[in-house]
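The values are calculated or read from the model by the stated rules, or taken from the named source; none is laboratory data. A quick note: this is a predicted structure, and the numbers were derived from the prediction, not measured. Quick reminder, even Gly has a Cβ in these numbers, built from the backbone with ideal geometry, and neighbours come from all protein chains shown.
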Amino acid sequence: MKQDLLTFADWTPTAMQELLELAHTIKQTPAAYASVLAGKSVAAVFEKPSLRTRVSFDIGINKLGGHMVYLDCQAGNLAGREDAKDMAANLACWADAIVARVNSHSTLEQFADAARIPVVNALCDKYHPCQALADYLTLYETFGKVSGLTLAYVGDGNNVTHSLVLTGALLGCHQVVVTPPGHAADPQIIAKAKAIGEATGARISETTQVSDASGADVVYTDTWLSMGDTTPLATIKEKFMPYQVNETLMTTTGAQYVLHCQPAHRDLEISGTLIDGEQSLLMRQAENRMHGQNAILTHLLGA
Ligand code: CP
Ligand code: NVA
């Protein structure tokens, strides 16, 4: 039976750890995986803009011997020509997998129901699982382990936060989620991560106090305004500025490294000097998008 990757929420800790190690192995020994997708085609449907996800999937699929077709649906609602389920069923007539970046998670669920081929979430309103895998691969390379580390997420509670806490919980990584009042992560997703953490030993906590991030190994942040959020920056800037990830915050928390999924907004959620500094893992994360996604495609489609 085909498997989709809409979120890692229903994965076991063992399966999650194996996928992380597969990504690491593919990165170390790419030649051994050069034909995994030989003769296979992936349809990539994007309702929102992308640099990293689009390019890393396209080049990564090519490195696995496969082929990607990009469908630009940024005009809105899959360009409005036909129902999502009809589009997915048609794509399944030719392609071996669908990679989709969509406005609403429900569109992915419709794709997964209608297509007899795997569907991969390339970001939606709720989750960004491909990003989280790349982020934990980055920590795995940097620290030699993920289990037992503490990641402090500081900023807006969003799709990236959700996938970080779920995936981190599966991998045994403690999480401190620091958000301004009114911008917390989805309580149901946090509850799910806490339930996973009970099995893996990962402690998940939420707070509005930046000082609670003290003792973290790494600090992670993301944009204050996700794609599609039309809130004027001016109306939230004052509230979010105390949550800016900068050199002072790195010193007070004692964290060694900073992560950001990008696109980053210099001197808003993160100081420009921190992006460019020695504590930055941002480009390593970007590089690892491709290796993580190649592991996902190898897992879902590999012979
Ligand atoms: N991090 C990330 O998903 O970047 P893009 O939006 O450029 O794909
Ligand atoms: N939270 C951001 C992530 C971008 C990669 C957004 O959804 O726009």
Which is at positive phi, in contact with a helix residue (DSSP H, G or I) (Cβ under 8 Å, 6 or more places away or on another chain) and not β-branched (V, I, T), of G215, G197, G228? G215
With R101, R81 as the choices, which residue is of a type in the set (K, R) and modelled with pLDDT under 95? R81
Criterion first (within 16 Å of ligand 1 (Cβ to nearest atom) and not assigned by the TED database to the domain that holds S226) does D86 satisfy it? no
In segment 277-287, the residues that are free of Cβ contacts under 8 Å to residues at least 60 places away in the same chain, surrounded by 12 or more Cβ atoms within 10 Å (Cβ to Cβ) and aliphatic (A, V, I, L, M): L282
Checklist (1) touching a residue at least 12 places away in the same chain (Cβ under 8 Å); (2) more than 24 Å from T208 (Cα to Cα); (3) within 16 Å of ligand 1 (Cβ to nearest atom) applied to E269, failing item: (2)
Give the residues of segment 169-201 that are without any contact (Cβ under 8 Å) to a residue 40 or more places away in the chain, among the small types (G, A, S) and either over 18 Å from F240 (Cα atoms) or touching a Ser or Thr at 6+ places or on another chain (Cβ under 6 Å) (or both), sorted by residue number. A169, A185, A191, A193, A195, G197
Is segment 270-281 home to any residue that is over 24 Å from T142 (Cα atoms) and over 18 Å from the mean Cα position of the chain (by Cα)? no
May I ask you to verify whether V69 is modelled with pLDDT of 95 or more, under 20 Å from the mean Cα position of the chain (by Cα) and β-branched (V, I, T)? no
Inside segment 245-276, can you point out the residues that are within 19 Å of L151 (Cα to Cα) and either modelled with pLDDT under 95 or exposed (fewer than 13 other Cβ atoms within 10 Å of the Cβ) (or both)? T248, T251, T252, G254
Out of the residues in segment 124-144 meeting the condition of being acidic (D, E) and within 14 Å of ligand 1 (Cβ to nearest atom), tell me which one is surrounded by the most Cβ atoms within 10 Å (Cβ to Cβ). D135
Quick one: count up the residues across segment 105-143 that are among the aliphatic types (A, V, I, L, M) and within 16 Å of ligand 2 (Cβ to nearest atom). 7
If the requirement is being at pLDDT below 95, within 16 Å of ligand 2 (Cβ to nearest atom) and within 19 Å of T161 (Cβ to Cβ), which of these qualifies: G292, G228? G228
Return the only residue of S35, S56, S50, S41 being touching an Asp or Glu at 6+ places or on another chain (Cβ under 7 Å) and of a type in the set (S, T, Y). S41
Looking only at segment 193-244, count how many residues are within 16 Å of ligand 1 (Cβ to nearest atom) and surrounded by 12 or more Cβ atoms within 10 Å (Cβ to Cβ). 9
I need every pair where a residue in segment 35-46 that is within 17 Å of N121 (Cα to Cα) and of a type outside the set (A, V, I, L, M) has its Cβ under 6 Å from the Cβ of a residue that is at pLDDT 95 or above and part of a loop (DSSP other than H, G, I, E, B), sequence separation at least 6 or different chains. S41/A95; S41/D96
